[in-house]
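Working notes, structure below.
The values are calculated or read from the model by the stated rules, or taken from the named source; none is laboratory data. Keep in mind that this is a model prediction, so the values were computed, not measured. As a convention, Cβ positions derive from the backbone with ideal geometry for all residues, glycine included, and neighbour counts pool all protein chains shown. Surface areas here come from the heavy atoms of the whole protein model, side chains and all, with no ligands, DNA or RNA. Shrake-Rupley method; radii C 1.70, N 1.55, O 1.52, S 1.80 Å.
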Amino acid sequence: MTTTTAAEAGMLGCHACGLLSRPSAAGHTLECARCGASLHVRKPYSISRTWAFLMAAAILYIPANVLPVMETGSLFGAQKDTILSGVVYLWTSGSWPLAAIIFVASIMVPGGKLLALTVLLVSVQRRSSWNPLERTKLYRMVELVGRWSMVDIYVVAILTALVQFKALATIKAGPGAIAFGAVVVLTMFAAESFDPRLIWDPLEEPQRHG
Amino acid sequence: MSNSPRFNIMSSLIACRECDLLQREIVLPPGGTACCSRCGAVLHRSKPDSLDRTLAFTVGAAVLFILANVFPVVGLEAQGNRTSTTLFGTVRTLHDQGMTSVAVLVFVTTILMPMLDIGAMLYMLLPIRLGVVPKGLPAVFRLVQTVRPWGMVEVFMLGTLVSLAKLSHIAAVRPGIALWSFGMLMFLVAAAAVSFEAHDFWAQVAAAGRRGRRFHAKTAGMETAR
Ligand SMILES: [Zn+2]
């Protein structure tokens, strides 16, 4: 391959507006001439920042799934629902499309994101040159899909606001919702800190030394 | 913003944002898309009237955003009891229950970020449309880039539909005006994002900047003549 990256050519692409610049003097902070964003060859501390967010998300993933996200109080007593028990309830009560939506958005997507980002980080740290295109697609998927995990938070928010019939039933958000919200936010930060260009960097190595 | 030849030479090259491959910019037919030859990421698109379209969608989104926030999203009726909630009502209830962090999360993703996105886009596009470069444009442009991933209007819409379906078993649900507004807002926000083309935008900014400079030069010249 006779490919050249901007980094090899000594140029920096602006992450915000896309303008290419050639830094004249190294050593000081560079700003994009067009939009003023700070310029970096790669996102700064991409790997350690992504790991940090990912670890925090992985730890909070446990309380997010164990603690109740919703507490229903009614004439028939109180009921506490975790994400999984909510899905099971929807499934057994026959609303299987809803059960599927919540299962995918609240359980599969966050779990899959944690897994996918771990795979990406490990492969980048080992400077793997294995199938960069597929790994880039995996990253795009993580970025695209991650936000949909917020569905359960919104469901809890709306139910909480609506079901306030003092005598009949009230719904409260449970502590699991805090942990779950934190997981969604942290995995989004993790995905944002990861620099997909790192996936392609090992491919340039042999050329540079050859 | 420079007009040096160096600037022009480099603007004919593009670095892929996802794999950093350096590529020559090509002239596209209307509606065409240039993709990275290595990783397939979209490099730039050619969209006729991209800024006008973005502006139109954004103005529509601003109107719907107001409706979506003023009117109730859903109402509920069970055994003679009625409740309804606006978007901000959900935030307030969560806060009152001591779930402030969740309340903040809902507020930021459904109200604050979409508002900043729409407001900033109008702030940039309206003056540019009139050939003026608004104050602080670079900062506002970067604000939009930062804010956009956190606006989750479409996810909130799905959440509302799921809640409605869940509640329909136990009570009569009444979709409110804000729900319809949200449904349309979702499409307009997406349409505005898709039709925005940074490439055309910066070309227009540069053109407006040149006109502005010429204007200032003229008035300055008049003053010295006097
Ligand atoms: Zn690429």
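The table below lists the values:
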read-out: Residue ranges of helices (runs of 4 or more DSSP H) in region B:1-113 with at least 2 members more than 16 Å from the ligand (Cβ to nearest atom) and closer than 30 Å to residue A:9 by Cβ; value: B:5-10
read-out: In region B:151-171, the residues that are facing another protein chain (nearest Cβ under 8 Å) and part of a helix (DSSP H, G or I); value: B:155, B:156, B:158, B:159, B:160, B:162, B:163, B:165, B:166, B:167
read-out: Any hit, region B:20-38, residues being in contact (Cβ under 8 Å) with a residue 12 or more places away in the chain, more than 7 Å from chain A (Cβ to nearest Cβ) and surrounded by 22 or more Cβ atoms within 10 Å (Cβ to Cβ); value: no
read-out: Residue in region B:66-88 that is farthest from residue B:177 (Cα to Cα), counting only those that are open to solvent by less than 20 Å² (accessible area, probe 1.4 Å) and in contact (Cβ under 8 Å) with a residue 40 or more places away in the chain; value: B:78
read-out: Filtered residues of region A:161-192 (kept if assigned to a strand (DSSP E or B) and free of Cβ contacts under 8 Å to residues at least 24 places away in the same chain); value: A:164, A:165
read-out: Conditions (1) open to solvent by less than 40 Å² (accessible area, probe 1.4 Å); (2) more than 7 Å from chain B (Cβ to nearest Cβ); (3) more than 16 Å from the ligand (Cβ to nearest atom); number of the one not met by residue A:160; value: (2)
read-out: Filtered residues of region A:163-183 (kept if facing chain B (nearest Cβ under 8 Å) and of a type outside the set (A, V, I, L, M, F, W, C)); value: A:164, A:172, A:181
read-out: Failed item, numbered, when residue A:145 is tested on (1) more than 17 Å from the chain's Cα centre (by Cα); (2) free of Cβ contacts under 8 Å to residues at least 40 places away in the same chain; (3) over 16 Å from residue A:50 (Cβ atoms); value: (1)
read-out: Residue A:148 being in a helix (DSSP H, G or I) and of a type in the set (Phe, Trp, Tyr); value: yes
read-out: Residue within region A:73-81 that is touching a strand residue (DSSP E or B) at 6+ places or on another chain (Cβ under 9 Å), open to solvent by 50 Å² or more (accessible area, probe 1.4 Å) and in a helix (DSSP H, G or I) present; value: no
